[in-house]
Amino acid sequence: MNEPSDRVSDDELHALVDGQLDAGRVPSVLAWLQANPDDAARVVQWQAQRLQLRQIARAMDVGDSPQALAGVVLRAAGAVRRRQTWQQAVAAVLLVAVGVTGGWFWGQRESSPASPAMAASPSFVREAVLAHAVFVPEKRHPVEVAASDEAHLVQWLSRRLGSPLKVPSLADHGYRLLGGRLLPGDGAPRAQFMYENEQGVRVTLFVAVFGPGQAPAQTSFRSMRDGARESFYWVEDRFGYALSAESSSADIQALARHVYAQLAR
């Protein structure tokens, strides 16, 4: 596809997400995003982070999603049906999964106040709950790197989080690893690993690595329920872990103890 001649800067892309872009530049920026799926995917990631911050810091009003950005989401979703190249498909899936599905989720969650348990939990647990809710329903791209490339997945996420990571096995409980992904966190990247059983039930393990003086107080197992989702979380040394699923407390706690035992070895 031919690219528009006037290159768009990162500052302009950020301004579009923030709703601050000059109206005269909007058509050119939208044309650029249609011609550059990688930049379109970045814009959607920024918008997802913006919406996550709205949910986590509810007192801060970050405004509505810009109308122009909604148009990019819809047009990209149609483009993937017409053009099936890998790069375009990835960009459109990101737009749909994070922009449309995520937008529905955020809108639904914002209609009611955060639960006291959610508000009182550490920030990495809130991040884990949000990430679980966004990516578990995804059918086509639930993970960034599949379990078939587990060695690369662990090496990549360990490098990005700055510390060696382990991927526990949940096979004894009937769950197989689907893969994992890199996610934004509170000032640092996070990792999410996803598992699935034969009934299609999915479990996610969210991992945070804290810098000096940044880790929450050491905790043993604690739980936090948000609607149908329950998360068991704990902090040990520089690591924070949150295991989330739509299941009974007893089942999730058993999985969490199984994960803890493997990570402690």
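Report whether or not Asp172 is under 14 Å from the mean Cα position of the chain (by Cα) and charged (D, E, K, R). No; evaluated as a whole, the condition is false for this residue. Quick one: in the range 113-138, which of the residues that are at pLDDT below 85 and part of a loop (DSSP other than H, G, I, E, B) is surrounded by the most Cβ atoms within 10 Å (Cβ to Cβ)? For the range 113-138, the residue satisfying everything is Ser121. Among residues of the range 144-162 that are assigned by TED's automatic domain parsing to the domain that holds Arg181, those with a Cβ under 7 angstrom from a residue that is among the aromatic types (Phe, Trp, Tyr), sequence gap 6+ or separate chain, pair up as Val145/Trp156. Gly180 meets each of the listed conditions (1) assigned to a strand (DSSP E or B); (2) modelled with pLDDT under 85; (3) not polar (S, T, N, Q) apart from (2).
Regarding Gly200, is this residue farther than 19 Å from Pro142 by Cα and not aromatic (Phe, Trp, Tyr)?
no
With respect to the stated conditions, Arg159 is at pLDDT 85 or above and either open to solvent by 70 Å² or more (accessible area, probe 1.4 Å) or closer than 14 Å to Thr204 by Cβ (or both). For the range 230-265, how many residues are modelled with pLDDT under 85 and open to solvent by less than 40 Å² (accessible area, probe 1.4 Å)? So the answer is 0. Among the residues of the range 43-63, not one is surrounded by fewer than 18 Cβ atoms within 10 Å (Cβ to Cβ) and at pLDDT 75 or above. Do we have Ala217 as without any contact (Cβ under 8 Å) to a residue 24 or more places away in the chain and open to solvent by less than 50 Å² (accessible area, probe 1.4 Å) here? No; evaluated as a whole, the condition is false for this residue.
For the range 204-214, filtering for residues that are modelled with pLDDT of 80 or more and either within 25 Å of Phe135 (Cβ to Cβ) or surrounded by 18 or more Cβ atoms within 10 Å (Cβ to Cβ) (or both) leaves 7.
The values are calculated or read from the model by the stated rules, or taken from the named source; none is laboratory data. The structure displayed is predicted, hence computed values, not measured ones. Counting neighbours? That spans all protein chains shown, and the Cβs are built from the backbone with ideal geometry, glycine included. These area figures cover heavy atoms from the full protein model, side chains too; ligands, DNA and RNA do not enter into them. Shrake-Rupley method; radii C 1.70, N 1.55, O 1.52, S 1.80 Å.
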